[in-house]
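J.: My questions all concern the structure below.
The values are calculated or read from the model by the stated rules, or taken from the named source; none is laboratory data. Everything numeric in this text was worked out from a predicted model, so none of it was measured. Glycine also receives a Cβ, built like all others from the backbone with ideal geometry; neighbour counts cover every protein chain displayed. All accessible areas refer to the heavy atoms of the entire protein, side chains included, with ligands and DNA or RNA removed. Shrake-Rupley method; radii C 1.70, N 1.55, O 1.52, S 1.80 Å.
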Amino acid sequence: MTDYHQPVLLHECIDGLALQPGGTYVDVTFGGGGHSREILRRLEGGRLFAFDQDADAKANAQALNDSRLTFIASNFRNLKRYLRLYKADGIDGILADLGISSHQIDTPERGFSTRFDADLDMRMNQQADRTAREVVNEYSEAELHRILGMYGEITNARTAASALVSARSNRSINTVNELKAALQRYAPRGKENKYFAQVFQALRIEVNDELKALEEFLEQVPDVLKPGGRLVVLSYHSLEDRLVKNFINKGKFQGDVEKDLFGNEIKPLQSVTRKPIEASPDEISRNPRARSAKLRIAEKI
């Protein structure tokens, strides 16, 4: 379990929660349990609820064998429902590390990595219906254009969508290598790895409905946090970070912050960090995944 996932910005995350030893906390992305272990280490009596839809994460939680930890095998978009079920109200802090775990990337058969050939899967929840293979083979050209452009932020999204539709008309695209072969000639020379990473990001976000799940989660946070409770979110790409930033600063994802009759802003959270916290060069050299991480901390008003 130690090789599972090196937590990014671990101490900054834990400091951001402003932990109280007897408090109640939620880690909505348990993964390998790196952040949760550190929270438990600092709790005396308090409680920790951990969410994760990945079966491997459930095994890791069981291995911790700590009576203060309640593991919930579900997506964090179901935050409120499960906390109500466990009669947990007035939460002191919520932590979300939105990165895909290095364990998931390094498990070839999950199909998350561009480095290994495998079936196009990419499901975080192995019981879910939709796989990357279905997206690539069954989505219309317009839908593929939309997700590659919006979620992958690749500049030639229209061309790539057209190339996939053309390739699959001969035979279905079932594996990582078949997908890469279909797009190889459209990848910018010398930047192929980055290009395929962006394509994979787009598919992964679509397969797991990641941005919608993040919005639904964030909207529930103010209802479960007690006044003064903290929200700590680590994101790894601009799409996620923008949603988190807007929700903290405006209480919504688009448009301007609303104001009451007296001109006071109506929003449930107050930002604690003026700018996002980023990893030090030292941490990035030890853990390259930290390079793109942005940490934002907010407090319930």
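J.: I'd like the projected area of the stretch 21-84, averaged over all directions, using the convex hull of its alpha carbons. Report it in nm² with one decimal.
T.: About 3.8 nm², averaged over all directions.
J.: When the label point is put 7 Å from the Cα of residue 134 along its Cα-to-beta-carbon vector, which residues of the stretch 167-210 have a backbone N closer than 20 Å?
T.: 168-169, 172-176, 179, 200-210
J.: With a point put 7 Å past each Cα toward its Cβ, work out how far residue 89 is from residue 278 in nm, to one decimal.
T.: In this crude spin-label approximation the distance works out to 4.2 nm.
J.: If you don't mind, there's one more thing I want to ask. Output the 0 to 90 degree angle, nearest 10, between the alpha-carbon long axis of helix 157-170 and the longest principal axis computed from the alpha carbons of the chain.
T.: Helix 157-170 and the main axis of the chain meet at about 60 degrees.
J.: Where only protein heavy atoms count, and the probe is 1.4 Å, what is the accessible area per residue for the chain in Å²?
T.: Here the residues of the chain average 49 Å² of exposed surface.
J.: Ranked by accessible surface with a 1.4 Å probe, highest first, in what order do 76, 71, 217 come?
T.: Putting 76, 71, 217 in descending order of accessible area: 71, 76, 217.
J.: Same structure again: Taking the square root of 5 times each eigenvalue of the Cα gyration tensor, what semi-axes in Å does the equivalent ellipsoid of the stretch 59-159 have, largest first?
T.: Result for the stretch 59-159: semi-axes of 33, 18, 13 Å.
J.: Residues in the stretch 22-43, backbone N under 20 Å from the label point at residue 226 (7 Å along the Cα-to-beta-carbon vector): list them, ranges by number please.
T.: 22-28, 39-43
J.: If you take the beta carbon distance between residue 175 and residue 253 as r and set R0 to 25 Å, what does 1/(1 + (r/R0)^6) give as a FRET efficiency, to the nearest 0.05?
T.: The computed FRET efficiency comes out at 0.10.
J.: Which order do 116, 196 take by accessible area at a 1.4 Å probe, largest first?
T.: 116, 196
J.: Relative to the present Cα-Cα distance, how much length would full extension add between residue 59 and residue 291 at 0.36 nm per residue of separation?
T.: Stretched out fully, the residue 59 to residue 291 stretch lengthens by 80.7 nm.
J.: In deg cm²/dmol, rounded to 500, what helix-only [θ] at 222 nm does the chain give when every DSSP H run of at least 4 residues adds -39500 (n - 2.57) and the total is split over its residues?
T.: After summing the helix terms and dividing by the residues of the chain, the value is -12500 deg cm²/dmol.
J.: Would you work out what percent of the accessible area of the chain, with all protein chains in place, is carbon or sulfur (probe 1.4 Å)?
T.: 45 percent
J.: Determine, for each peptide in 248-260, 278-290, the mean count of other beta carbons within 10 angstrom over its residues, then list the peptides with the highest first.
T.: The most tightly packed comes first, giving 278-290, 248-260.
J.: How many times 2.2 N^0.38 Å is the alpha carbon radius of gyration of the stretch 108-208?
T.: Rg over 2.2 N^0.38 Å, computed on Cα atoms: 0.95.
J.: Still on this structure, please answer the following. If you look at just the Cα atoms of the chain, how large are its Rg and its Dmax in Å?
T.: 20.0, 64
J.: Nearest 10 degrees, 0 to 90: what angle lies between the long axis of helix 192-208 and the longest principal axis of the chain (Cα atoms)?
T.: The angle comes out near 60 degrees.
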